[in-house]
Amino acid sequence: MSRRFGAVAVLAVFSLVPFLGNGGVAVAGSAAWVPTHTQAFSLAHATNLGKLTSSTPLHISVALALRNQLQLQAYIRAVNSAGSSMYGQTLTPSQFKAQYGPTNAQVSSVESYLRSKGFSQVSATSNNIYVSGWATPALADAAFNTKIDAFKQQGQGVVYANVTPAMVPAMYRNVLIAVLGLTNAARMRFPSTPKTTPLAGVPNVPNSFWAPGFQKAYGASGTAPASKTAIAIMAEGNLNQVVKDLRSYEGDSNNDTCVTVKKKTTCTKLPQVPVTVEHVGISSPDTSGMVEWDMDTQTSTGLAGAVKHLYLYDATSLTDSDVALEFNRFVSQDLAKAGSASFGECEY
């Protein structure tokens, strides 16, 4: 099922990690280290293959704690409380960064730390919430006082995971709160497309639930098109065919889009919405989620009648680390006020 959400000014909502400081204490015998929120990963029905090979490249993102958290929590309550003088107010990404984001000095310190540990291509996101870089498993182990092993997991092949918690030097207590990218076993998944059987009087997906069908189902047939609203879709992999499919769905100047239900064919022409693919991370050839992204793009724009712009945020994979950067880009760019993410994972 597709999840819809708004791009509010509070960037922490979509950071996928808690924004509270770790408040950790040093572990006995390791006074130089303090824990983060990234705990040891436990895999059921998996065989431990031992230490992850050094040839496996890891893209690691560390999350920095937000500042002025008590004031931020009060602000969130105020802007969401009817009757408050601040009700409905928003902050721009730059205002949020200035008031609540990690400081440039904190970011520079974290970047220096990662580089000192051998990380390459180190960089920070525009809102200072994440600092990312590439490392070998051995370098990641040393930087975060952890241990990454490989596993043969049923149904997934070989995956890797940190079998001990991720830690950081004590000087980063309450600054570095989580480490993403130490495992690829936790991966978002999209629901499989159900097989449907036509029933009398019941719309049949996908035949009946195209644009006019969705508008009718949601009582929006007489609603004006959302031509002043930009929307976003969270996706992953190669989206070239997804954009082509959207154009086919919309029809063009010479061809209408037609659907046949119970031997009755109905045709329509939808506005061709502007589309921008925002790549977050390195490109991936994966097309396994194409049907899901097709449904998201076509249903969203079709139901709206028209939109000002459609942004496709395209992650390298559906691992937690890549998805976190994808959501962070969506919020920090502030190009769209509403978005859709049709994937999820078990919470444990």
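The values are calculated or read from the model by the stated rules, or taken from the named source; none is laboratory data. Since we're looking at a predicted model, the values are computed, not measured. Reconstructed Cβ throughout: ideal geometry from the backbone, glycine too, with neighbour counts over all protein chains shown. To get the accessible areas, we keep the full protein, side chains included, count just its heavy atoms, and leave off ligands, DNA and RNA. Shrake-Rupley method; radii C 1.70, N 1.55, O 1.52, S 1.80 Å.
Points worth noting:
- Flag for Thr257 being over 28 Å from Ser61 (Cβ atoms), modelled with pLDDT under 80 and open to solvent by 10 Å² or more (accessible area, probe 1.4 Å): yes
- Considering (1) surrounded by 12 or more Cβ atoms within 10 Å (Cβ to Cβ); (2) farther than 20 Å from Arg173 by Cα, the lone condition that Phe144 does not fulfil carries the number (2).
- Residues of region 216-231 classified as open to solvent by 40 Å² or more (accessible area, probe 1.4 Å) and out of contact with any Phe, Trp or Tyr (no Cβ under 9 Å at 6 or more places or on another chain), total: 11
- Among the conditions (1) out of contact with any strand residue (DSSP E or B) (no Cβ under 6 Å at 6 or more places or on another chain); (2) at pLDDT below 95, Ala26 misses just one, which is (1).
- Of residues in region 272-291 being free of Cβ contacts under 8 Å to residues at least 40 places away in the same chain and hydrophobic (A, V, I, L, M, F, W, C), the one surrounded by the most Cβ atoms within 10 Å (Cβ to Cβ): Val273
- Whenever a residue of region 229-251 is touching a residue at least 40 places away in the same chain (Cβ under 8 Å) and polar (S, T, N, Q), its partners that are assigned to a strand (DSSP E or B) and crowded, with 18+ Cβ neighbours inside 10 Å, lying with C-beta atoms within less than 8 angstrom and at least six residues away or across chains, give the pairs Thr229/Val307.
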